[in-house]
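None of the figures in this text is laboratory data; all of them are computed from the coordinates on show. Since we're looking at a predicted model, the values are computed, not measured. Here the Cβ positions follow ideal geometry from the backbone for every residue, glycine too, while neighbour counts run over all protein chains shown.
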Amino acid sequence: MLRVSKLTDYAVVVLTRLSEGEAVMTSPAIATLTGVPEPTVAKVLKALGAGGFVLSTRGARGGYRLAMALDRITIADVIAAIDGPIALTACVDGGVGGCDVHTMCSVRGRWDPVNDGVRRALQAITVADMVTAGIPVAFRAPNFALAE
């Protein structure tokens, strides 16, 4: 089964929560509003900060805020920030760890197109798309293409 990690899931939750309401939110406030334990929120925010997706401000009025709009952050970006490069097996580009049978493997290198397809699919979906997906179709704003 192909599955994103819990931390990646929590990162999407944290990013979407940061896009709602207050401009700056503390880690404990985010934890309270999302139901994600505060130490986990802090870990996720640290990784998202290192990835350039959130900014932190110290001090009495400090906290975290988005560094960019959610429509500029892809699900592939979030996965890479939290879990590292997207790699379905150890032998694809970005894979972690070695393979015990790599010298005689009959499918060596053949997972690359599959991995690339998954990566492209995840790059086509933004965190903003995830927010919109939670809104019933009847209540979504129409998306009219501009006439050229």
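Two decimals, Cα atoms only, Kirkwood Rh: what is Rg/Rh over region 6-134?
Radius of gyration over Kirkwood radius for region 6-134 works out to 1.08.
Please list the non-local residues whose amide H lies under 5 Å from the amide H of V54, H modeled 1.01 Å from N, same-chain partners needing a gap of 5 or more.
Residues meeting the amide H criterion: G49, A67.
Taking the number of other C-beta atoms within 10 Å as the exposure measure, put M25, M68, M1, M130 in order starting with the fewest.
M1, M68, M130, M25
Using Cβ counts within 10 Å as a stand-in for footprinting exposure, how do I73, I30 rank, fewest first?
I30, I73
Provide the FRET efficiency to the nearest 0.05 for the D112-S19 pair, computing r from the beta carbons and using R0 = 30 Å.
On the way: r = 35 Å, r/R0 = 1.15.
The formula returns an efficiency of 0.30 here.
Mean projection of the alpha-carbon convex hull of region 19-72 over all orientations, in nm²?
Here the figure is 3.7 nm², rounded to one decimal.
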